[in-house]
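Encoded as structure tokens, the structure appears first; notes follow it.
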Ligand code: FES
């Protein structure tokens, strides 16, 4: 077990597809479907079983946006980046959350594992723009300050439950 991932099960998934390079993407999709992300150990295991370099597996995993290389946080925050929300200034909200969570580069999950920040295409609630969801609950007419207040609220709830 590494990060809740059963390497034995990972091997089973690889074997079920057939340990061949042409199955690489299907294998990664299945493993991600199961564990929501691909850990370094998983990528190494795939490379090993398929007899290819781990760099090759990494390059495929990073090329496709849908593959996630880090575990998701406990709370998933999504900022709508559809046109209506964008026009009503969703970007400053996204930037404020990123800064508040101290995210750098491609990092999407805060170091404390509490939050993962994502963007999402139109949520179909354009009249409420700009929209942010926290664990799929919609928060309308957001501002950067209000978004940070939401994060703080979750933090204090988590602290109470700890
Ligand atoms: S653009 Fe954000 S809800 Fe439609």
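Note down the relative contact order for region 114-162 as a percent, whole number, built from C-alpha pairs under 8 angstrom at least six residues apart. All intermediate terms of the calculation are to be shown ahead of the outcome.
Details: 23 pairs, mean separation 11.3, N = 49.
Relative CO of region 114-162 lands at 23 percent.
I need the Debye-formula profile for region 1-126: one equal scatterer per C-alpha, no solvent, reported as log10 I(q)/I(0) at q = 0.22 1/Å, two decimals.
Per q value, in the given order, log10 I(q)/I(0) is -1.19.
Spin-label point model (7 Å from Cα, Cβ direction): what's the residue 72 to residue 12 distance in nm?
A separation of 2.2 nm, rounded to one decimal place.
Taking a ≥ b ≥ c as the square roots of the eigenvalues of the Cα gyration tensor of region 7-63, is the shape rounded (a/c under 1.5), prolate (a/b larger than b/c) or oblate? Could you put the intermediate results ahead of the total?
Values: a/c = 1.37, a/b = 1.10, b/c = 1.25.
It is rounded, given that a/c, with a ≥ b ≥ c, falls under 1.5.
Under 8 Å for C-alpha pairs, at least 6 residues apart: give me the relative contact order for the chain, rounded to a whole percent.
Numbers: 204 pairs, mean separation 30.3, N = 162.
Here the relative contact order equals 19 percent.
Considering Cα pairs under 8 angstrom that are at least six residues apart, work out the relative contact order of region 7-63 and quote it in whole percent. List each step's numbers first, then the result.
Numbers: 35 pairs, mean separation 18.0, N = 57.
Once normalised by length, the contact order is 32 percent.
For the chain, what does -39500 (n - 2.57) per DSSP helix run (n ≥ 4), summed and divided by total residues, give at 222 nm, in deg cm²/dmol to the nearest 500? Present the calculation step by step, with values, prior to reporting the outcome.
On the way: 7 runs with 78 residues, N = 162.
-14500 deg cm²/dmol, from helical runs alone.
Between residue 58 and residue 19, what FRET efficiency comes out of the Förster formula 1/(1 + (r/R0)^6) with R0 = 25 Å and r the beta carbon distance, rounded to 0.05? Walk me through the numbers before you get to the answer.
Working: r = 18 Å, r/R0 = 0.71.
Given R0 = 25 Å and the Cβ-Cβ separation, E is 0.90.
Between 77, 120, 132, where does the largest GNM mean-square fluctuation fall for the chain, given springs only between Cα atoms within less than 10 Å?
Highest fluctuation among the options: 120.
Most fluctuating residue of 96, 71, 16 in a GNM of the chain with Cα springs under 10 Å: which is it?
16
Could you let me know the centre-to-centre spacing of region 1-70 and region 88-140, using Cα atoms, in angstrom?
For region 1-70 versus region 88-140, the Cα centre distance is 28 Å.
Determine the shape class of region 75-161: with a ≥ b ≥ c the square roots of the Cα gyration tensor eigenvalues, call it rounded for a/c under 1.5, and otherwise prolate if a/b is greater than b/c, oblate otherwise.
In terms of gyration-tensor shape, prolate.
We did not get these values from a lab; they are worked out from the coordinates using the rules stated. Since the structure is predicted, the reported quantities are computational estimates derived from the model, not experimental observations. Don't worry about glycine lacking a Cβ; one is built from the backbone with ideal geometry, like all the others, and counts go over all protein chains shown.
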